[in-house]
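Accompanying notes for the structure given below.
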Amino acid sequence: MNLTIGEMIKTLDKLPQLATVYFSGNTSRPSRVMSYRGYYQDLAIEPCNTGEVTVSSFRGMLKGAVGSTYRGYKGGDFKMGLNTAVWVSYYGQADQLSVTKIKYDKKQNIVEVVTKKEDF
């Protein structure tokens, strides 16, 4: 089950704001948000392999999506809200990686955005 934007923001609010954010496997980080190719009404976070992303900047990215309207891949406008489901995917793809939880490793000061490959 996908986390929503609101659930993610609420969790990130409780974590150290300077901790580094990674997706599952610690190989990529959030870069931008957009409409998800699989379900245009859902939010996608595009991964990247460069730069560092803090909890504070990632939280800001998600907060900025609330109330914002994004263009679907094949058209249409979709407004995101606190109850919008979140996926991890590259632009134009439906990678089927749902965001299932957020974990904090206090020892390494790393936040992991845990994803799960969904089968449809």
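The values are calculated or read from the model by the stated rules, or taken from the named source; none is laboratory data. Keep in mind the model is a prediction, meaning the values are calculated, not measured. FYI the Cβ positions are ideal-geometry reconstructions off the backbone, even for glycines, and counts take in every protein chain you see.
Things to note:
- Taking the criterion of being out of contact with any strand residue (DSSP E or B) (no Cβ under 8 Å at 6 or more places or on another chain) and of a type in the set (S, T, N, Q), the residues of segment 81-111 that qualify are Q93, Q108.
- Considering (1) touching a Phe, Trp or Tyr at 6+ places or on another chain (Cβ under 6 Å); (2) buried (at least 20 other Cβ atoms within 10 Å of the Cβ); (3) without any contact (Cβ under 8 Å) to a residue 60 or more places away in the chain; (4) among the aromatic types (F, W, Y), the lone condition that F78 does not fulfil carries the number (2).
- Any hit, segment 3-25, residues being over 13 Å from the mean Cα position of the chain (by Cα), under 19 Å from K116 (Cα atoms) and charged (D, E, K, R): no
- Listed by first and then second residue, the pairs linking a residue in segment 24-51 that is on the phi > 0 side of the Ramachandran plot to a residue that is of a type in the set (A, V, I, L, M, F, W, C), with Cβ atoms under 9 Å apart and 6 or more places separating them unless they lie on different chains, are N26/I110.
- Matching residues, segment 1-29, being out of contact with any Lys or Arg (no Cβ under 7 Å at 6 or more places or on another chain), assigned to a helix (DSSP H, G or I) and of a type in the set (V, I, T): I5, T11
- Against the conditions (1) more than 16 Å from K10 (Cβ to Cβ); (2) within 14 Å of the chain's Cα centre (by Cα); (3) crowded, with 17+ Cβ neighbours inside 10 Å, V111 satisfies every one except (1).
- Residue in segment 35-45 that is of a type outside the set (A, V, I, L, M, F, W, C) and within 25 Å of A19 (Cα to Cα) present: no
- Filter result for the condition that a residue is surrounded by 16 or more Cβ atoms within 10 Å (Cβ to Cβ), at pLDDT below 95, at negative phi and of a type in the set (D, E, K, R), over D95, D119: D95
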